[in-house]
Structure formats: C-alpha cells, structure tokens
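Below you'll find the structure, written out as structure tokens, and then a few comments.
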Amino acid sequence: MAGTNNPEFKSKITVYVLACWILAAFGGLMFGYDIGISGGVTAMDDFLIKFFPAVHERKLHAVEDNYCKYDDQYLQLFTSSLYLAALVSSFGASKACNILGRKPTILIASAFFLAGAAMSAAAEYKWMLILGRILFGIGVGFGNEAVPVFLSEIAPVQHRGAVNILFQLFITIGILIASLVNYATSTVHPYGWRLSLALAGAPATVLFVGSLIITETPTSLVERGNDKEGKAALKKIRGVDSVDDEYEQIKMACEQAKQVKHPFKKLMKRSSMPPLIIGIMLQVFQQFTGINAIMFYAPVLFQTVGFKNDASLLSAVITGIVNVGSTFVSIYAVDKVGRRKLLLQACVQMFIAQAAIGGILLVQLKPTGSLDKGLAAVVVVLVCLFVMSFAWSWGPLGWLIPSETFPLETRTAGFAFAVSSNMLCTFFIAQAFLSMMCNMKAFIFFFFSAWILVMGLFVVFLVPETKGVPIDNMVERVWKQHPVWKKFID
Ligand code: BGC
C-alpha cells in the first residue's frame with residue numbers, strides 16, 4: 001500500500017490548520033471550565049442559601065471533623081450529574097460523528113454548552129439548575145467524543161501527540177480560568193454564582209463560531225463518500241499538493257471501514273479487544289489516580305489540612321497553574337520520548353506523592369485541629385508534584401491513546417467507550433470522594449497509591465508504543481507486533 005512504510009507524509013503548518021487545532025481545542029476548555037467551576041460555586045453561601053438551605057444550615061452548625069466537613073450527597077450530585085449526562089450522550093455523539101461528521105458534532109456540542117450556560121445562569125429553581133448541568137453534560141459528551149478524534153485525524157503523523165494534547169492543554173486552562181473566576185465572583189453578592197455559570201457562555205461562543213470555520217477531517221469526508229472534498233481538505237490542512245500517499249492510506253482505511261455495517265457489534269469481536277481494553281482502562285486508571293479528588297475539592301482539601309478560606313482558594317489556583325505549565329512538557333515530549341515512558345515516569349512520581357500525603361496526614365492530622373504551617377506547605381508541594389506528573393502523562397494520554405489506536409471502522413464507537421468510562425469514573429469520584437474521605441480519612445491517599453501501582457504494571461505489560469505510527473496503520477504496525485495483543489488479531 002502506498003505510503004504504508006513511510007510515516008513522514010509531507011506537510012507544512014499553515015495558519016489555517018493552526019486555527020483549526022486551536023478552535024477545536026476550545027471543546028477542551030469547555031470541559032475544563034465545567035470541571036473547575038462547580039467546586040467553587042457549591043462553596044458559595046448565596047448559592048447554598050438559594051438551592052440547598054439545609055446544607056447551608058448544616059455548614060453553619062457543623063460539628064468540626066476535619067475529614068467530614070463537606071460530606072453531602074445532594075451537593076455532590078450537583079457536581080456529578082453532568083458526568084452522567086455526558087456518559088449517555090457520548091454514544092449518541094459517536095453516531096453523529098459517523099453520520100454527520102466530526103465538524104457538525106462539535107457544532108452540536110457548542111450549542112448544548114450555550115444552552116447550558118443560559119439555563120444554569122438563569123436558574124430560579126433546583127430543576128433549572130440540574131437541567132443546566134445536564135445540558136452542559138450533553139455538550140461534554142459531544143465535545144469530548146468529537147474533538148480528540150478530530151485533532152488526531154487532522155494532525156500530521158509526526159506531530160499527532162502534540163496536536164491532540166492541545167485538547168488537554170485547553171482542559172487545564174479551562175480549570176484554571178474557572179478557579180480564578182470563582183475567586184473573583186465569590187465576593188459578588190448575591191449573584192456571584194450566576195456570573196460563574198454564565199461565563200461558560202464565552203468559550204462556548206468561541207467554540208460555536210470556531211466550529212463553523214474549521215475543516216471537516218479528510219477521513220470523515222472520504223468515509224462518507226466525498227472523495228474529492230476529502231482530498232481537497234487534505235491538501236488544505238497539509239499545506240502541500242503532494243498528498244497522494246496519505247490520501248491512498250485514508251482511502252484504504254475507509255474502504256475497509258465500509259465493510260463494517262455495525263461498528264458496535266464489530267467492537268465486541270475478539271480482534272477489537274486490544275484497543276478497546278486499552279482505551280477503557282487508560283480512562284479508568286486516569287480517574288483512579290485521584291486527580292479529580294484534587295481538581296474538584298482542592299479548596300476543601302487544603303482547608304482540611306488547616307488553611308483558611310482564602311489561602312485554600314489560592315492554593316487551588318497554584319495547582320491550576322502547575323497543571324497548565326506541566327502540560328507543555330507533554331506537548332514537547334510525547335512525540336519524542338513516546339507515550340510509555342511518560343506514563344511510567346508519572347506512575348513513580350504520583351505514587352510517591354500520594355503515599356507521602358497519606359503518611360503525613362495519618363501521623364500528623366487529628367480529627368480536630370490542623371497541621372503545623374511547615375507540614376501544610378509540604379502537603380501543597382506534594383499535591384503540586386502529583387498534579388505535575390499527571391499533567392504530562394495520564395491526563396493527556398488518557399485522551400490521546402484511545403483516539404489514535406482504533407482502526408477507522410471502530411474509531412468513534414470505540415472512543416465513545418473511552419469517553420463514557422472517563423465520565424463514569426469521574427461521576428464516581430465526584431459523588432463519592434467527600435464521603436470516602438470522611439470514612440477512610442488519610443487512607444484515601446493510600447487507596448489511590450494502590451491504583452497507581454496497578455496501572456504502572458498495566459503499562460509495562462500491555463500498553464504499546466504508538467509514537468510515529470500513522471493513525472490508519474495501527475493494526476499492522478502496533479497490534480500485530482505486540483507480544484500479548486497479537487494473539488487477538490486474526
Ligand atoms: C481528565 C479530567 C481532569 C483533568 C485535569 C483530564 O484529562 O479527564 O478528569 O480533571 O484532566 O487536568
């Protein structure tokens with residue numbers, strides 16, 4: 001097959017393609033904003049008084065126990081309902097990606113984000129609030145399904161990792177912006193929370209306009225029978241005229257994909273197991289690093305170790321900055337050192353950080369009272385070390401690897417399983433973390449360390465290196481060569 005052994009298809013980075021990458025990555029910013037905004041909003045008194053008066057009462061008269069201050073199922077449900085909606089809608093999004101294309105799916109996502117921002121900012125009753133969260137959630141389902149696949153498909157092979165990681169970079173920027181917004185709006189009474197929720201409309205508008213400007217991916221065009229447009233789109237995004245080799249490879253992948261009438265059925269076949277298992281497990285493991293315990297509840301966590309309100313919000317901003325900064329390391333390294341080394345290095349660093357936090361809290365933090373200042377600072381540093389290593393490994397690669405390892409015929413269906421596994425586990429952590437912390441106390445951090453050990457072993461034995469392999473050539477070059485997974489391929 002033309003070009004099969006030549007991953008270095010010709011390409012230039014044009015202004016237009018750069019704009020496509022960045023505009024699509026705004027889908028990540030929306031997701032990040034949603035992750036980052038709810039923790040701060042649920043801590044605002046005005047918000048609690050309006051929608052959760054009983055929780056507010058309890059907060060005022062809480063019996064002080066360091067690990068249990070904020071344990072409340074309804075409050076956690078406000079945060080987590082979004083992920084349930086995203087979980088379900090990612091399957092619809094997979095269908096939309098196939099039938100309509102990646103570009104319209106991103107447009108649909110932005111429309112839901114806009115509706116969600118309007119509904120939740122205008123909320124007068126609890127049902128409006130929850131409906132707003134559900135609309136956001138559907139946006140996340142559509143956006144998280146379409147954007148990583150879009151980025152992986154339009155990226156030149158030698159930069160695919162870096163381009164795809166723009167999605168994660170924008171997630172981290174969204175989280176950081178949300179924590180800054182909350183910091184500012186928490187002093188605006190009584191409508192600060194409305195501002196926080198309404199401001200999601202700004203990036204949603206950029207995504208909406210952006211989705212009209214970006215190209216459809218050549219793969220999606222050819223897959224739906226528009227060969228001419230597909231080739232033209234390929235020339236446009238590669239910035240060169242000589243795209244025949246790459247076009248042939250896309251064409252061949254599409255021919256093969258056309259034989260498969262029911263992608264979800266095909267996905268259940270033995271030969272689809274390698275990318276499916278990897279895609280699902282990377283997302284499950286990503287969440288069981290404990291990252292969202294920190295992203296959602298960093299202010300609560302820092303209060304737990306004894307910081308005052310302001311100092312803990314500030315610490316959350318610091319972890320947010322570390323999160324953004326470290327993602328650049330990944331963009332730089334992923335196509336040079338490869339995926340596996342990043343994942344393994346991070347396992348070591350994350351394990352040490354989580355175990356050390358657990359150790360300090362176990363020995364030093366009593367149910368009432370707080371850590372001494374020096375130790376509390378050490379905890380903040382350890383949290384930063386943890387976030388840092390997550391940000392250059394499991395964060396971005398949890399999205400990158402599942403978007404690049406499925407053959408075209410099962411790509412969007414398989415990726416939907418990865419997205420929904422992420423959402424399910426995020427839901428679980430969002431819903432359960434505060435109760436787990438209340439019950440398990442410092443041991444919660446050992447719980448996460450144990451998961452990190454298991455995921456390290458998983459990478460050693462089962463995760464193949466996909467650096468530099470053309471996206472439509474994974475079966476031959478990756479799965480058929482892997483000592484374990486080759487047994488699954490016919
Ligand atoms: C994860 C999110 C997490 C974020 C942190 C993403 O890759 O999917 O759950 O909050 O990284 O930056």
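The values are calculated or read from the model by the stated rules, or taken from the named source; none is laboratory data. Please read all numbers here as calculations on a predicted model, not as lab measurements. Ideal geometry is used to build each Cβ from the backbone, glycine not excepted, and the neighbour counts take in all protein chains shown.
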* **So GLY306, is it within 16 Å of the ligand (Cβ to nearest atom) and either touching a residue at least 40 places away in the same chain (Cβ under 8 Å) or over 29 Å from ALA355 (Cβ atoms) (or both)** => no
* Asked: Taking region 236-256 on its own, how many of its residues are surrounded by 15 or more Cβ atoms within 10 Å (Cβ to Cβ) and without any contact (Cβ under 8 Å) to a residue 40 or more places away in the chain?
  -> 2
* To do: Evaluate region 428-446: report whether one residue or more is over 19 Å from the mean Cα position of the chain (by Cα), outside any helix (DSSP H, G or I), closer than 21 Å to ILE489 by Cα and away from the ligand (no atom under 16 Å from the Cβ).
  => no
* **ALA198 more than 24 Å from PRO407 (Cβ to Cβ), among the small types (Gly, Ala, Ser) and surrounded by 22 or more Cβ atoms within 10 Å (Cβ to Cβ)** => no
* **Positions within region 367-411 being within 16 Å of the ligand (Cβ to nearest atom) and under 30 Å from VAL222 (Cβ atoms), in sequence order** => PRO396, LEU397, GLY398, TRP399, LEU400, ILE401, PRO402, SER403, GLU404
* Structure fact -> Flagged in region 314-345 as surrounded by fewer than 23 Cβ atoms within 10 Å (Cβ to Cβ) and farther than 23 Å from TRP399 by Cα, in numbering order, are LEU314, VAL317, ILE318
* Structure fact -> The residue from PHE406, PHE445, PHE428 that alone is closer than 26 Å to ILE357 by Cβ, crowded, with 24+ Cβ neighbours inside 10 Å and touching a residue at least 12 places away in the same chain (Cβ under 8 Å) is PHE445
* Asked: Is it true that some residue in region 178-189 is more than 16 Å from the ligand (Cβ to nearest atom) and surrounded by 24 or more Cβ atoms within 10 Å (Cβ to Cβ)?
  -> no
* To do: Please enumerate the residues belonging to region 8-51 that are in a loop (DSSP other than H, G, I, E, B) and surrounded by fewer than 19 Cβ atoms within 10 Å (Cβ to Cβ).
  => GLU8, LYS10, LYS12, ILE13, THR14
* Structure fact -> Note on SER196: of the conditions (1) more than 27 Å from the chain's Cα centre (by Cα); (2) modelled with pLDDT of 95 or more, unmet is (1)
* Count, please, the residues in region 14-32 that happen to be modelled with pLDDT of 95 or more and of a type in the set (Ser, Thr, Tyr). => 1
* Asked: Taking region 248-301, which residues are of a type in the set (Gly, Ala, Ser) and within 16 Å of the ligand (Cβ to nearest atom)?
  -> GLY279, GLY290, ALA293, ALA298
* Structure fact -> Out of (1) out of contact with any Gly (no Cβ under 8 Å at 6 or more places or on another chain); (2) closer than 15 Å to ILE106 by Cα, the one LEU135 does not meet is (1)
* **Selection status of LEU400, part of a helix (DSSP H, G or I), touching a helix residue (DSSP H, G or I) at 6+ places or on another chain (Cβ under 8 Å) and hydrophobic (A, V, I, L, M, F, W, C)** => yes
* To do: Check off (1) assigned to a helix (DSSP H, G or I); (2) surrounded by 22 or more Cβ atoms within 10 Å (Cβ to Cβ) for PHE307 and give me the number that stays unchecked.
  => (1)
* To do: Please give the helices (runs of 4 or more DSSP H) falling wholly within region 226-276 in which 1 or more residues are within 15 Å of ALA413 (Cβ to Cβ) and charged (D, E, K, R).
  => 244-258, 263-267
